[in-house]
Structures are given as C-alpha cells and as structure tokens.
Amino acid sequence: MTAALVERLAPEDLWELFQRVVPPAPERPQGGGHRRRGDREVLAVIIFVATSGCTWNQLPPGFGLSVVTAFRRFTEWTEARVWAKLHRLVLDELGSRGGLDWSRCAIDSVSGPSKRGQLTGPNPTDRGKKGSKIHLIVDRRGLPLSIGISAANLHDSQALIPLVRGIPPIRSRRGPRRRRPGKLHGDKGYDYRHLRRWLASHGIRHRLARKGIESSQRLGRHRWVVERTVSWLSGCRRLHRRYERKPEHFLAFTAIAATFICHRRLTN
C-alpha cells in the first residue's frame, strides 16, 4: 500500500487521535513469526471497507494486506472498544473548542436491510423484511453524541432512555464535563408519558410531537439536523446493508461513521 493512499484514508490528524486509544501490540514471547503490519495501514484498510461498502473478501489485492489480517485486527480493536473511545475523543476535542451546541438536541432512527445475525427483526416499514436499526442523538449542529443499534422492529420509544444515558461526559470550553442536552426534540414515536416524566426528572426539557394533536412537521425546523445526519451516515456505505453477524461489528462501523462526521467538523 502506498504512503499516499494511507495518508488519504487515514490522515495525520485522525491517526494522532487514533494512537491515543489503540491498545499496544501484543508481544510474542517465543519470538519469530511474520512482521506485524503497521496499525496505520490496517486502519486505512478498515476505513476503506467502511466507506466503500465492500465486503472483507472483496478487499482489493493492491492494498497488500490479507483479509485475515485486516479482519483480525478489526475484531481485536472492536473488542477493546477502540471505535467508541475514538468517537468520544473526537467529541472531547470538539467540546474543548466550543464546537458542540447542547442547547437543542434531536433524536431519531433509521432502518436498513439485514439478513442475518443478532439484533435483526422484521422491518414494519419495509414489508416485514429483516433489518437492523440505528438510533442516534445529535446536537444542534447535527453532530452525533450518542448512537445505538437494535432490531428493525424495536419501537423508537424504547431507545430514548438508553441513548440519553449513553451520552458520555464530554469536555467543555469552560466548566465541568457535560452529558445532558438542554432540550430534546423528537417525533411522535417518542410521545409517551413515562418518557416525558423521565426527561423532566433528569432536568431535560423536551419537545415531542403529540399523537393525534399535532403534526411532526411542526418540529421540522429543529429536527431537520438529525435527518441530515442520517444522510451523512449513508456516506459510510457499509451501513447501507448489514453484513455483520455480530451486532458489535455493525455498531463498530456505525461508530466509525459517527467519528468521521465529528472529525470533519473538527478539521474544518
């Protein structure tokens, strides 16, 4: 793999952040064996798989990296929660620069096809075909703060509390770390009394469209940011169709996509 290709897929600023979360390479007490491929080269291959949408077996031979090596390293890093740590690190960098707006956040989900693996279920909006769902909360600018996955038939309302709890404590330009939105917007799928009570008990103002009373379109001027973020996620073509049997691998690619979205804001 050429140095230019590695630099393009894994730019220097992203690589510097990645080095802060990646675990050290395991040692071989007995010695011998093949030389371990560099982490940056493997990271570039994983990014290529995420953005191009190709399967591991379709990895172009020009990368000079075996499918087994790339997938093994991806599995190791996923088990070490490297992708979630990288996403949080980028959020910390944004927060310390004042790049996050907590005043008005939004929650939504998007479903995609999936024929195998755990956390799949019949999609109620796609003729009952099996699929998985991505849930996310974004800040006022559309930067993903918390992500999660589920079967496609899980009701959106069941994801709200885990998503809000899943927002990590993120650095601020001034003051302590923050993890609660000032206000949360959502469509009718989240219109439940127990959710309103829970948000209020945690000091989070909410604006959820009420069933049978108002149209979700009235919230469009505030919720469009999360819909735009959903379209940004589609830039990671690996998320168009779930190939992974293990849900943690699918969540890893979702975290990679969320990291890309936040990193672009960090470098602009």
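The values are calculated or read from the model by the stated rules, or taken from the named source; none is laboratory data. What you see is a predicted model, and the numbers here were worked out from it, not measured in a lab. We place every Cβ from the backbone using ideal geometry, glycine too, and count neighbours over all the protein chains shown.
For the structure I just gave you, tell me whether Ile161 is aliphatic (A, V, I, L, M) and either modelled with pLDDT under 95 or under 20 Å from Phe260 (Cα atoms) (or both). Break it down stepwise before answering.
On the way: aliphatic (A, V, I, L, M): yes; either modelled with pLDDT under 95 or under 20 Å from Phe260 (Cα atoms) (or both): no.
Here the answer is no, as Ile161 does not meet what is asked.
Thr55 is checked against (1) within 21 Å of the chain's Cα centre (by Cα); (2) crowded, with 16+ Cβ neighbours inside 10 Å and fails just one. What number does that condition carry?
(2)
Of the residues Pro181, Pro144, Pro169, Pro113, only one is under 27 Å from Gln19 (Cβ atoms) and surrounded by 15 or more Cβ atoms within 10 Å (Cβ to Cβ); which?
Working: Pro181 fails: under 27 Å from Gln19 (Cβ atoms); Pro169 fails: surrounded by 15 or more Cβ atoms within 10 Å (Cβ to Cβ); Pro113 fails: under 27 Å from Gln19 (Cβ atoms).
Result: Pro144 is the single residue among Pro181, Pro144, Pro169, Pro113 that is under 27 Å from Gln19 (Cβ atoms) and surrounded by 15 or more Cβ atoms within 10 Å (Cβ to Cβ).
Tell me whether the range 84-97 contains one or more residues that are over 14 Å from the mean Cα position of the chain (by Cα) and over 17 Å from Ile167 (Cα atoms).
Scanning the range 84-97, I find at least one residue that is over 14 Å from the mean Cα position of the chain (by Cα) and over 17 Å from Ile167 (Cα atoms), so the answer is yes.
Mind checking whether some residue in the range 74-95 is more than 20 Å from Thr259 (Cβ to Cβ) and either outside the structural domain of Ile147 (by TED's automatic domain parsing) or among the polar types (S, T, N, Q) (or both)?
No, the range 74-95 has no match at all.
Out of (1) modelled with pLDDT of 95 or more; (2) surrounded by 16 or more Cβ atoms within 10 Å (Cβ to Cβ); (3) more than 18 Å from Gly148 (Cα to Cα), the odd one out for Ser201 is which?
Ser201 satisfies all of (1) modelled with pLDDT of 95 or more; (2) surrounded by 16 or more Cβ atoms within 10 Å (Cβ to Cβ); (3) more than 18 Å from Gly148 (Cα to Cα) except (2).
Tell me, yes or no, whether the range 58-80 has at least one residue that is more than 22 Å from Ser234 (Cβ to Cβ), aliphatic (A, V, I, L, M), surrounded by 18 or more Cβ atoms within 10 Å (Cβ to Cβ) and without any contact (Cβ under 8 Å) to a residue 60 or more places away in the chain. Give the derivation first.
Here is the first cut: in the range 58-80, the residues more than 22 Å from Ser234 (Cβ to Cβ) are 60-73, 75-77, 79-80.
Those still in the list that are aliphatic (A, V, I, L, M) too: 65, 67-68, 70, 80.
Imposing the further condition that a residue be surrounded by 18 or more Cβ atoms within 10 Å (Cβ to Cβ) reduces the set to 65, 70.
If we keep only those that are without any contact (Cβ under 8 Å) to a residue 60 or more places away in the chain as well, we get 70.
Yes: one or more hits.
Only one of Leu136, Leu163, Leu154 is crowded, with 16+ Cβ neighbours inside 10 Å, among the aliphatic types (A, V, I, L, M), at negative phi and touching a Pro at 6+ places or on another chain (Cβ under 6 Å); which?
Among Leu136, Leu163, Leu154, only Leu136 is crowded, with 16+ Cβ neighbours inside 10 Å, among the aliphatic types (A, V, I, L, M), at negative phi and touching a Pro at 6+ places or on another chain (Cβ under 6 Å).
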